[in-house]
1. Within segment 1-47, work out how many residues are assigned to a loop (DSSP other than H, G, I, E, B), under 19 Å from residue 60 (Cβ atoms) and either out of contact with any helix residue (DSSP H, G or I) (no Cβ under 9 Å at 6 or more places or on another chain) or without any contact (Cβ under 8 Å) to a residue 60 or more places away in the chain (or both).
2. Among the residues that make up segment 64-75, is at least one of them closer than 17 Å to residue 117 by Cα, out of contact with any strand residue (DSSP E or B) (no Cβ under 9 Å at 6 or more places or on another chain) and either part of a helix (DSSP H, G or I) or without any contact (Cβ under 8 Å) to a residue 60 or more places away in the chain (or both)?
3. For segment 98-109: of the residues being in contact (Cβ under 8 Å) with a residue 40 or more places away in the chain and buried (at least 17 other Cβ atoms within 10 Å of the Cβ), which is nearest to residue 60 (Cα to Cα)?
4. Does segment 78-86 include one or more residues that are under 17 Å from residue 25 (Cβ atoms), more than 13 Å from the chain's Cα centre (by Cα) and in a loop (DSSP other than H, G, I, E, B)?
5. Could we say that residue 65 is on the phi > 0 side of the Ramachandran plot and surrounded by 16 or more Cβ atoms within 10 Å (Cβ to Cβ) here?
6. Can you name the condition, by its number, that residue 27 falls short on among (1) at pLDDT below 95; (2) farther than 24 Å from residue 116 by Cβ?
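The values are calculated or read from the model by the stated rules, or taken from the named source; none is laboratory data. Fair warning: this is a prediction, and the values are worked out from it, not measured in the lab. A quick note on method: Cβ atoms are made from the backbone with ideal geometry, for glycine too, and the neighbour counts reach across all protein chains shown.
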C-alpha cells in the first residue's frame, strides 16, 4: 500500500470495488525511493528497457507516496474502479499509473514549491 493515508484510503476503497466486480489486478509499485526512481529513469532514458515513462527523481508522485501503478487483464475496468475510488488515471501514455492528483496539477504543485521538474 502507499505511504500516504489518503492513498491508503483510496486503495482500500478500490480493493472493495475490485472484489465486488471480480477484478483480478496486481499493484506493481507504490512508494519509490529516489534511488529506485533513478534506476527507473535511467532505464526509461535508455529506451528499449521499458515502455513505461519514468519521471526525473524527485519529480514523481511515487517519490512522495502519492501514486500507485497497477495492471489487470481487464484494463478498462481497472481504470473505472480506480477512478471511482478517487484516483486519477495518467492515461494511455502511462497506462499503469494512478495518482492522488493528475500530472498537470502535480506539475503546478512542483513549480510552486520551486522544483525544477
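1. Count: 7.
2. So far as segment 64-75 goes, yes, one or more of its residues are closer than 17 Å to residue 117 by Cα, out of contact with any strand residue (DSSP E or B) (no Cβ under 9 Å at 6 or more places or on another chain) and either part of a helix (DSSP H, G or I) or without any contact (Cβ under 8 Å) to a residue 60 or more places away in the chain (or both).
3. Ranking the qualifying residues of segment 98-109, first place goes to 106.
4. Looking through segment 78-86, at least one residue is under 17 Å from residue 25 (Cβ atoms), more than 13 Å from the chain's Cα centre (by Cα) and in a loop (DSSP other than H, G, I, E, B).
5. yes
6. It fails just one condition, (1).
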